[in-house]
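S.K.: Have a look at the structure that comes next, please.
Just so you know, all these numbers are worked out from the coordinates, no wet-lab data involved. All values reported here derive from a predicted model rather than from experimental measurement. Cβ placement follows ideal geometry from the backbone for every residue including glycine, while neighbour counts extend to all protein chains displayed.
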Amino acid sequence: MFPAGMSEFSTMLFSALTLLVVIPSGVTIFNWIATLYKGEVSLRPPMLYALSFIFLFAIGGLSGLFLGTLSTSIHLHGTYFVVAQFHYVVMGGTAMAFIGGLLYWWPKMVGKLYDERKATVGWLLVFIGFNVTFLTQFVLGSRGMPRRSYDYLPQFETLHQVSTIGSWILGLGVFITGYLLIESIASGKAAPPNPWGSASLEWQTATPPVLANFTKAPIVTRGTHDYPLATDGELYDGFPEDRKE
């Protein structure tokens, strides 16, 4: 809206309102980081996606400051910088969190385990490919590359090629992740009731969950904030052959 010919007062007002978005966004990011503090953090595929989500969403939020500030927004308006910032917020935020949540709940939903090594490779390709694709577009936008344009000056060719290669890497990572989930349904091992060692109540239901989630009322043995790792019995209940010494 800033280049649309509004009055100076209107541009100042809209700039101030836009920058106010930083406050709730910053609070949520610090909240997520504080949740990890002194927590039982295990770097398995769902957590890798969760950490990536926080990192990429933070970049999307910080880069939005340039689009909400009058002096820089005029230059960056309508460029690839906007495209990159949008994708860091929407895909770096929503898609990363969605895939992480999907991998976390998959064993409980379908009752099968997936190959965590393949999932880790898929995450690494998604993370690298995403950043190669869209960090490059930040540079393109700051140098004046317009968005929604099918052609561009020769000086932008190399960066466009790098961004395209990044999209191939990203696509390969998504393909691997989708493949391993389908593979788990066809040939995956049966999932134990609590594959992540979580102490929360929902992991006491059957795998996959039955209608209405529980066959009988679950027994609550923990306090509201009593949340260490699950005990051996909670973790391997019903699967003694998986018990670890």
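S.K.: Going highest first, how would you order 151-157, 51-57 by mean Cβ packing within 10 Å?
M.R.: Numbers: 151-157: 10.7, 51-57: 20.0.
Ranking, from highest mean packing down: 51-57, 151-157.
S.K.: To continue, here is another question. Test of understanding: ordering TYR37, TYR88, TYR150, TYR104 by Cβ neighbours within 10 Å, fewest first, what list do you get? It would help to have the intermediate numbers written out before the result.
M.R.: Working: TYR37 7, TYR88 26, TYR150 4, TYR104 19.
Fewest-to-most ranking of TYR37, TYR88, TYR150, TYR104: TYR150, TYR37, TYR104, TYR88.
S.K.: At 0.36 nm per residue, and after removing the present C-alpha to C-alpha distance, how many nm does the segment from GLU8 to THR69 gain when stretched out fully? Can you show the working numbers first?
M.R.: Details: separation 61, 0.36 × 61 = 21.96 nm, distance 1.31 nm.
Length gained, GLU8 through THR69: 20.7 nm.
S.K.: If you take the square roots of the eigenvalues of the alpha-carbon gyration tensor of region 2-187 and sort them as a ≥ b ≥ c, do you get rounded (a/c under 1.5), prolate (a/b over b/c) or oblate? All intermediate terms of the calculation are to be shown ahead of the outcome.
M.R.: Details: a/c = 3.03, a/b = 1.55, b/c = 1.95.
Oblate.
S.K.: Additional query: Note down the relative contact order for the chain as a percent, whole number, built from C-alpha pairs under 8 angstrom at least six residues apart. Intermediate values should be presented prior to the final figure.
M.R.: Working: 289 pairs, mean separation 47.9, N = 245.
Relative contact order here is 20 percent.
S.K.: Next up: What number comes out for the charge environment of VAL83, summing +1 per Lys or Arg and -1 per Asp or Glu over other residues with Cβ under 10 Å away? Each step should come with its number before you reach the end.
M.R.: Values: positive: ARG147, ARG148; negative: none.
Residues near VAL83 contribute +2 overall.
S.K.: Can you give me the distance in nm between label points at THR94 and HIS160, each placed 7 Å from the Cα along the Cα-to-Cβ direction?
M.R.: 2.7 nm
S.K.: Cα-Cα over 22 Å: which of LYS38/LYS112; LYS108/LYS216; LYS38/LYS108?
M.R.: On the way: LYS38/LYS112 30 Å; LYS108/LYS216 18 Å; LYS38/LYS108 26 Å.
Those over the limit are LYS38/LYS112; LYS38/LYS108.
S.K.: Turning to a different aspect of this structure: Where nothing but the Cβ of Lys and Arg (+1) and of Asp and Glu (-1) is charged, how large is the charge dipole of the chain around its Cα centre, in debye to the nearest 20?
M.R.: On the way: 14 positive and 15 negative charges, 48 e Å.
So the dipole magnitude of the chain works out to roughly 240 debye.
S.K.: Once the Cβ-Cβ distance between ALA217 and TRP168 is put in as r, and R0 is 45 Å, what FRET efficiency do you end up with, to the nearest 0.05? Don't jump to the answer; show the numbers that get you there.
M.R.: Values: r = 51 Å, r/R0 = 1.14.
With a Förster radius of 45 Å, E is 0.30.
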